[in-house]
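Undergrad: Handing you a structure now.
The values are calculated or read from the model by the stated rules, or taken from the named source; none is laboratory data. It should be emphasised that the depicted structure is a prediction, and the values quoted were computed from it without experimental measurement. Cβ placement follows ideal geometry from the backbone for every residue including glycine, while neighbour counts extend to all protein chains displayed. Each accessible area value is taken on the protein alone, full model and side chains, heavy atoms only, with ligands, DNA and RNA left out. Shrake-Rupley method; radii C 1.70, N 1.55, O 1.52, S 1.80 Å.
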2 protein chains.
Amino acid sequence: MQQHLTTIIDIARQLGISKSTVSRALTGHPNVNTKTRQRVLELAEQLDYQRNQLAISLLTNQTRTIGIMVPEFISFFFPKVIIGAQEVLAEAGYNVVICHSNESYETEVANAKALLASRVDGLIVSHTKETRNFDHFRVFQRRGIPVVFFNRVCEDMNVSKVTVNDYDGAFQAVEHLIQTGKRRIAHLAGPDSLPNSRNRLNGYRDALRKYGIDEEPELIISYDLTLEKANIYVNHLLNLPQPPDALFTINDPTAIEALQVIKNRGLRIPDDIAIVGFSNDPISALVEPGLTTVAQPISEIGQQSAHLLMEQLADKEQMKPARTVVLETQLIVRGSTVQGK
Amino acid sequence: MQQHLTTIIDIARQLGISKSTVSRALTGHPNVNTKTRQRVLELAEQLDYQRNQLAISLLTNQTRTIGIMVPEFISFFFPKVIIGAQEVLAEAGYNVVICHSNESYETEVANAKALLASRVDGLIVSHTKETRNFDHFRVFQRRGIPVVFFNRVCEDMNVSKVTVNDYDGAFQAVEHLIQTGKRRIAHLAGPDSLPNSRNRLNGYRDALRKYGIDEEPELIISYDLTLEKANIYVNHLLNLPQPPDALFTINDPTAIEALQVIKNRGLRIPDDIAIVGFSNDPISALVEPGLTTVAQPISEIGQQSAHLLMEQLADKEQMKPARTVVLETQLIVRGSTVQGK
DNA sequence: CTGTTAGCGCGTTCAC
DNA sequence: GTGAACGCGCTAACAG
């Protein structure tokens, strides 16, 4: 039941003037008779006139819309990043289109195409765990549309990026476990394809090395970030002849899944086995015992991503050199590593 | 650093044919020589041609984009609804633009304007707790753009809606509390302005009445859904001369906040005080004791919303009559009401 | 201060 | 099977 929407031509006709004048009046161009402008504005209001952004975008070749694509937004992390980015972007007059790839490479490619077709002015993205080929993002670059990666970043692309110091966060986490007397520290790591996963693994390794603890291959398990697998691997670790006395996981949801498994087995946390997660999701403060975790400045990741994007957007002429911002993490100690905390 | 994007004219020129033919070849029009089509398709691929959706939308007066606006998407509920809706919409070839109003009426109005300007074909929305005036949504109706409300619905607008049976869910929750021997059952209710909040309150009341329990005004507190306030009111309730022996809250985050407060005070759950929430957020299974709660079919709310919207979208000519879908809830019993569950 | 003209990229008549 | 012309709604350049 589409009906006719009033255009500047309607207004022009009714007022017996040209549409150019109407356009000027509406956009606040200085060279318009005050009285004429007044009449235009009134009639526009009365006719419920609304600018057609589509036409303007077609004309100016910019939509003032930014695409944000994340692998999922059920967990706390990504929504919070999006909100941080949105704050900054809205301030600057940009609209935001949010997509989630559902951790599927195919969906990611399809979304990228859709965003390209709708002519977003820029893209902020954290890719799926499956993504190996980044051509669907390179298309944006080739078109002169700035791209910013965060959290999961493509190392081979020369674009701006926002990450946290994953290495250091992991190092702190493991050092903390060692300092509380743990020696057989397991690590549920993320997929090797993700740089942040690799960095955390390196932090884990170096912390062990610093304290002269030999790395036990059987205690390091890379997995695909699904909770079902986490469950399986935690049980596997606990069933080892020499089970670990501590567990450092790639993220909080995994840690909390582990926490459930361990509690159900009747083991004591942290005495029998201590746990450290990564992210400081609010839920980590709610479980029992509270989860020790490496806090990331989540909102700030979004804000910085937006800033870096707008930096690129600022001067279209001479693409600014890409920048990488690395934010610091902070260890939050709770009951899963220190009794009574 | 915008550069020239290849258009159908570029392709036409290079092939020495007219842009009409290129257009036809690209859109799969039957009346095109197979060979010509082949050449067009090849060159398009080679030139990295991408249709300009903007131009098409301007021409056809439809964007195949649906706006979804929610008050927030940090908690589990709204993201999950969005994903449900998106599944159905994507299947039908629609893109989705997600907005969140951050529980602010002003932001909601601004977002509505932006969605209108970007010419979405339809709108799925759950409004803020502040919203009393719905004119910014009525504009869509007036323009012939279908609107579907879910969860928080405007009772005065004649549009399709998706809700759950809030009354019944609340009734079951309170009946369950009574059947476990509770008598002084408090209710942390949502704002009066929200119909679902009122319906849950009514369910609470009628359950009490059915069992001949007098309603105690001091045990019913409406509040603004912020966790700080929840904290204050829970403490207030516990400080009453005769504190409640059970608490039914408007949603799960509130119930979990209450659970923390109660545990910190050293009270036993459920013996001293039992708790029931509403929604069955995953977190309710993770806290200790597990939270008894009223489960909503969250994904289905999104899916149904999308279906109702597409029903309206289907025949533009004669607006179909609006429909309201009410989905059923289910009580999930956990340790916060039954010891050892 | 205002009107005329052109064109953004595309699909769609209507001719041939 | 193909091409020329038109128009979606708007802004900008140019000419008064």
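Undergrad: How about the range B:126-172: which of its residues are small (Gly, Ala, Ser) and either assigned to a loop (DSSP other than H, G, I, E, B) or over 15 Å from the mean Cα position of the chain (by Cα) (or both)?
TA: Those that are small (Gly, Ala, Ser) and either assigned to a loop (DSSP other than H, G, I, E, B) or over 15 Å from the mean Cα position of the chain (by Cα) (or both): B:SER126, B:GLY144, B:GLY169, B:ALA170.
Undergrad: What residue, of A:SER336, A:SER284, A:SER299, A:SER305, is in contact with a helix residue (DSSP H, G or I) (Cβ under 9 Å, 6 or more places away or on another chain), closer than 26 Å to A:VAL88 by Cβ and open to solvent by less than 20 Å² (accessible area, probe 1.4 Å)?
TA: A:SER305
Undergrad: On the basis of being modelled with pLDDT of 90 or more and either near DNA strand D (Cβ under 8 Å from one of its atoms) or touching a His at 6+ places or on another chain (Cβ under 6 Å) (or both), does A:ILE68 make the cut?
TA: Details: modelled with pLDDT of 90 or more: yes; either near DNA strand D (Cβ under 8 Å from one of its atoms) or touching a His at 6+ places or on another chain (Cβ under 6 Å) (or both): no.
So A:ILE68 fails the test.
Undergrad: Let me ask something else. How do the pairs read when you match residues in the range B:238-258 that are within 11 Å of B:ALA189 (Cβ to Cβ) and touching a residue at least 40 places away in the same chain (Cβ under 8 Å) with residues anywhere that are surrounded by 18 or more Cβ atoms within 10 Å (Cβ to Cβ) and among the charged types (D, E, K, R), using Cβ under 7 Å and keeping only pairs 6 or more apart or on different chains?
TA: Hits for this filter: B:ILE250/B:ARG200.
Undergrad: Inspect the range A:239-247 for any residue being touching a Ser or Thr at 6+ places or on another chain (Cβ under 6 Å) and among the small types (Gly, Ala, Ser) and give the result as yes or no. If you could, list the steps in order and put the result at the bottom.
TA: Filtering the range A:239-247 down to residues touching a Ser or Thr at 6+ places or on another chain (Cβ under 6 Å) leaves none.
No, that holds for no residue.
Undergrad: Moving on. Against the definition (modelled with pLDDT of 95 or more and acidic (Asp, Glu)), how does A:GLU108 come out, yes or no? I'd like the intermediate steps shown before the answer.
TA: Values: modelled with pLDDT of 95 or more: yes; acidic (Asp, Glu): yes.
In short, yes.
Undergrad: Still on this structure: Please determine whether any residue of the range A:314-323 is more than 14 Å from chain B (Cβ to nearest Cβ), open to solvent by 20 Å² or more (accessible area, probe 1.4 Å) and free of Cβ contacts under 8 Å to residues at least 40 places away in the same chain.
TA: no
Undergrad: Among the residues of the range A:185-216, count how many are among the aromatic types (Phe, Trp, Tyr) and surrounded by fewer than 17 Cβ atoms within 10 Å (Cβ to Cβ).
TA: 1
Undergrad: Looking at B:LEU26, B:LEU43, B:LEU54 in this structure, which one is of a type in the set (A, V, I, L, M, F, W, C), buried (at least 20 other Cβ atoms within 10 Å of the Cβ) and within 16 Å of DNA strand D (Cβ to nearest atom)?
TA: On the way: B:LEU26 fails: buried (at least 20 other Cβ atoms within 10 Å of the Cβ); B:LEU43 fails: buried (at least 20 other Cβ atoms within 10 Å of the Cβ).
Going through B:LEU26, B:LEU43, B:LEU54 in turn, just one is of a type in the set (A, V, I, L, M, F, W, C), buried (at least 20 other Cβ atoms within 10 Å of the Cβ) and within 16 Å of DNA strand D (Cβ to nearest atom): B:LEU54.
Undergrad: Next question. Taking the range B:65-119, which residues are open to solvent by 40 Å² or more (accessible area, probe 1.4 Å) and either in contact with a Cys (Cβ under 6 Å, 6 or more places away or on another chain) or among the acidic types (Asp, Glu) (or both)?
TA: B:GLU72, B:GLU87, B:GLU91, B:GLU106
Undergrad: Suppose the filter is at negative phi and within 13 Å of chain B (Cβ to nearest Cβ); does A:SER305 pass it?
TA: On the way: at negative phi: yes; within 13 Å of chain B (Cβ to nearest Cβ): no.
Spelling it out, it is not the case that A:SER305 is at negative phi and within 13 Å of chain B (Cβ to nearest Cβ).
Undergrad: Test each condition in (1) within 14 Å of chain B (Cβ to nearest Cβ); (2) open to solvent by 10 Å² or more (accessible area, probe 1.4 Å); (3) not aliphatic (A, V, I, L, M) for A:PHE140 and report the one that comes out false.
TA: Tallying (1) within 14 Å of chain B (Cβ to nearest Cβ); (2) open to solvent by 10 Å² or more (accessible area, probe 1.4 Å); (3) not aliphatic (A, V, I, L, M), A:PHE140 fails exactly one: (2).
Undergrad: Do the conditions hold for B:PRO243, that is, is it part of a helix (DSSP H, G or I) and either over 24 Å from B:GLY302 (Cα atoms) or not basic (Lys, Arg) (or both)?
TA: No.
Undergrad: If A:GLU175 meets every condition in (1) within 24 Å of A:ASP272 (Cα to Cα); (2) among the charged types (D, E, K, R); (3) not in a helix (DSSP H, G or I) apart from one, which number is that one?
TA: With respect to (1) within 24 Å of A:ASP272 (Cα to Cα); (2) among the charged types (D, E, K, R); (3) not in a helix (DSSP H, G or I), A:GLU175 is out only on (3).
Undergrad: I've got another one for you. Considering each of B:LEU219, B:LEU247, B:LEU240, B:LEU259 in turn, give the residue that is over 22 Å from the mean Cα position of the chain (by Cα), within 14 Å of another protein chain (Cβ to nearest Cβ) and open to solvent by less than 50 Å² (accessible area, probe 1.4 Å).
TA: B:LEU259
Undergrad: Sticking with this one: How about the range B:281-310: which of its residues are of a type outside the set (A, V, I, L, M) and in a loop (DSSP other than H, G, I, E, B)?
TA: Scanning the range B:281-310 gives B:ASP281, B:GLU288, B:PRO289, B:GLY290, B:GLN296, B:PRO297.
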